[in-house]
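Only the coordinates and a few stated rules stand behind these numbers; no lab work does. As the structure is a prediction and not an experimental result, all values here were calculated from the model. Because the Cβ atoms are built from the backbone with ideal geometry, glycine has one as well, and the counts that use them run over all protein chains shown.
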Amino acid sequence: FPTLKFVGLCHEFLHFLLMLARILNVPITNIDAKGYGLNHFGVITECKYKDTGKDAMSDIHQKGPELLYNIDAYDGFKFIGFFLEKYGYCPYTTDSHYGEYIHWAWEKADIFAIRRFWKIYERELYDIYKRLKRLIVKGKGSRLVKPDDESAIPIIEGIINDSNYYEPSVNIPNDDIITNLPRDLVVECPALVNKDGLTGIPLGDYPLELVGFIKTQLPIIDLCLESIFQKSKDLALKAILAEPLIQTYGQAERIFNDLLKLENKYMSIKLE
């Protein structure tokens, strides 16, 4: 369906503003921040105090690591704190997300907290599944239709009403939003929403010390897409092999075969 238009949404950036408020010890309403990158793999690139206009990036770098190292939260933040301390940029997500992309993250990540998060999340999803199924079986599925905290409806309204409003975090084709990454790469960024759709707020070049991490994902994305277009098992396996976290060929094969078994009945194409 090449004429359909899409925008990707994720709540990680908006949820992390609460963490920034704790780091800076100010109300969340006093923070003006921007983040760029890939989904689950972005950093805060700009942050100011709304009341004074003062830059807050140095305060985040100074105060953030100690809080992130020591916070007892739903997920791990120790790797995020370490990354902020060493690189000067704060990822706006958790160890279990940002750390998935960096092959040495395991050394600094809070593995215990990550495992705890996944256990709690799995149990929560199962409880939600049981509740949804029970209501649908009873013919009361309409009770499940409730407002969500994602921005799909505001974006639709913004396009219809040509409101030109600011959406803090969306996933759209790059189109020179980040100038040292391919134009056809889908990036996470802030955008303006109006009758023309979504227009990303330009960043310019991504930080030199970080852009290499993002570029490791480019061949993986290309191989994954080509494996779908060509219905190719070989290319799908090679997409996994291109992942920096993979240690051996045998490991990649086992992961691929396990995924194929688990997802086979949900796949709309047959890989050959």
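Observations on the model:
- Once the chain from residue 21 to residue 233 is taken as fully extended at 0.36 nm per residue, the excess over their C-alpha distance is 71.7 nm.
- Label-point gap, in nm, between residue 268 and residue 156 - each point 7 angstrom along Cα→Cβ: 1.9
- Candidates per GluC sites (Glu not before Pro) in the stretch 113-213, loop by DSSP, up to 16 other Cβ within 10 Å: 150
- Straight-line cross-link reach from residue 78 at under 23 Å between alpha-carbon atoms covers these lysines, not counting any fewer than eight positions away in the same chain: 34, 63, 86, 108, 119.
- Sorted by Cβ density within 10 Å, fewest first, the residues 75, 175: 175, 75
- DSSP assigns beta bridges within the chain; of those with both partners inside it, close to 95 percent run antiparallel.
- Simple spin-label estimate for residue 131 and residue 184 in nanometres, 7 Å along Cα-Cβ: 4.3
- If the segment from residue 261 to residue 62 were pulled out straight at 0.36 nm per residue, it would be longer than the present Cα-Cα gap by 66.9 nm.
- Most tightly packed first, judged by the mean number of other beta-carbon atoms within 10 Å of their residues, the peptides 92-102, 225-235, 37-47 read 92-102, 37-47, 225-235.
- Fraction of antiparallel bridges per DSSP, the stretch 114-272 only, in percent to nearest 5: 90
- When the charge dipole of the chain is built from unit charges on Cβ atoms (+1 for Lys and Arg, -1 for Asp and Glu) and taken about the Cα centre, the candidate among 35, 45, 96 whose Cα reaches farthest toward its positive end is 96.
- In order along the stretch 256-267, the Karplus-derived 3J(HN,Hα) couplings, from 6.51 cos²θ - 1.76 cosθ + 1.60 at θ = phi - 60°, round to 4, 5, 5, 4, 4, 5, 5, 9, 3, 6, 9, 7 Hz, and Gly and Pro are given as x.
- Highest-fluctuation residue, 91, 65, 207 considered, GNM on the chain with Cα pairs under 10 Å: 207
- When 60, 23 are arranged by Cβ crowding within 10 Å, least crowded first, meaning fewest neighbours, the order is 60, 23.
- Label corresponding to Cα extents along the principal axes in Å when calculated from the structure given, among [x] 82, 43, 37; [y] 59, 47, 39; [z] 69, 39, 35: [y]
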